[in-house]
Amino acid sequence: MKRNLQEKLKKIKILILDVDGVMTDGRIIMDDSGREIKNFDVRDGHGIKLIQRYGIDVVLLTGRKSEVVLHRARDLDIKEVYQKVFNKKEVLVKILKKNKITAAEAAFIGDDVIDIPVLRAVGFSAAVADALDVVKKTVDYITQNKGGRGAVREVCDMLLQAQGQWPEIAAKYEFTEYL
């Protein structure tokens with residue numbers, strides 16, 4: 001990992017996630033009754049739980065509104081969820097104030113143009129591998145994994161490694177390989 005990235009990641013106290021295209025692959029499935037179904041990656045969920053255990057809070061910030069998002073947030077013990085947000089940077093300011101942190105202590109993962117103002121404002125920004133090219137040009141890091149396919153976990157593992165938690169995790173789960 002590049003030193004500049006590692007220095008940015010060391011400061012992070014909160015990870016803010018877009019949902020569609022980041023936590024999911026961006027597809028929305030609807031049944032005949034209009035019920036929405038989204039696919040979430042279980043490894044992304046485990047990565048979220050790991051960073052929470054090591055003191056990094058997680059917030060969801062999405063442009064759509066969906067009950068599925070609330071269910072997933074509850075499942076992962078994510079307390080802050082902002083839906084149907086058209087001005088994400090405005091809400092970022094509220095998140096920072098509520099959590100008493102600076103922008104340098106926040107990370108954000110996005111995939112679309114609505115995310116660019118937040119990606120430019122935070123201390124560490126990432127785009128998923130299948131994000132729009134204009135988004136990729138804005139960020140500190142582009143994940144190797146696609147949205148809904150391990151991109152969130154990839155960033156969670158980077159955070160844990162940069163903040164010195166990885167050796168404890170490796171010992172707990174009895175493996176020796178490092179990122």
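The values are calculated or read from the model by the stated rules, or taken from the named source; none is laboratory data. None of these values were measured; they are calculated from a predicted model. Ideal geometry is used to build each Cβ from the backbone, glycine not excepted, and the neighbour counts take in all protein chains shown.
In this structure, does residue 20 turn out to be more than 12 Å from the chain's Cα centre (by Cα) and either among the charged types (D, E, K, R) or part of a helix (DSSP H, G or I) (or both)? So residue 20 does not fit the description; no.
Confirm whether residue 120 is part of a helix (DSSP H, G or I) and within 19 Å of residue 90 (Cβ to Cβ). Please lay out each step first, then the result.
Numbers: part of a helix (DSSP H, G or I): yes; within 19 Å of residue 90 (Cβ to Cβ): yes.
For residue 120, the condition - part of a helix (DSSP H, G or I) and within 19 Å of residue 90 (Cβ to Cβ) - is met.
Out of the residues in the stretch 99-115 that are assigned to a loop (DSSP other than H, G, I, E, B) and not acidic (Asp, Glu), state the one that is farthest from the chain's Cα centre (by Cα). Only one residue tops the list, namely 100. Of all the residues in the stretch 1-54, those that are touching a strand residue (DSSP E or B) at 6+ places or on another chain (Cβ under 8 Å), among the charged types (D, E, K, R) and closer than 17 Å to residue 143 by Cα number 2. On inspection, residue 94 does not qualify as on the phi > 0 side of the Ramachandran plot and out of contact with any Phe, Trp or Tyr (no Cβ under 6 Å at 6 or more places or on another chain).
The condition (being modelled with pLDDT of 95 or more, in contact with a Cys (Cβ under 7 Å, 6 or more places away or on another chain) and either surrounded by fewer than 19 Cβ atoms within 10 Å (Cβ to Cβ) or not in a loop (DSSP other than H, G, I, E, B) (or both)) is satisfied by just one residue among 96, 70, 50: 50.
Checked against the criterion of being farther than 21 Å from residue 130 by Cα, surrounded by 20 or more Cβ atoms within 10 Å (Cβ to Cβ) and either modelled with pLDDT of 95 or more or out of contact with any Cys (no Cβ under 8 Å at 6 or more places or on another chain) (or both), the stretch 25-33 has no qualifying residue.
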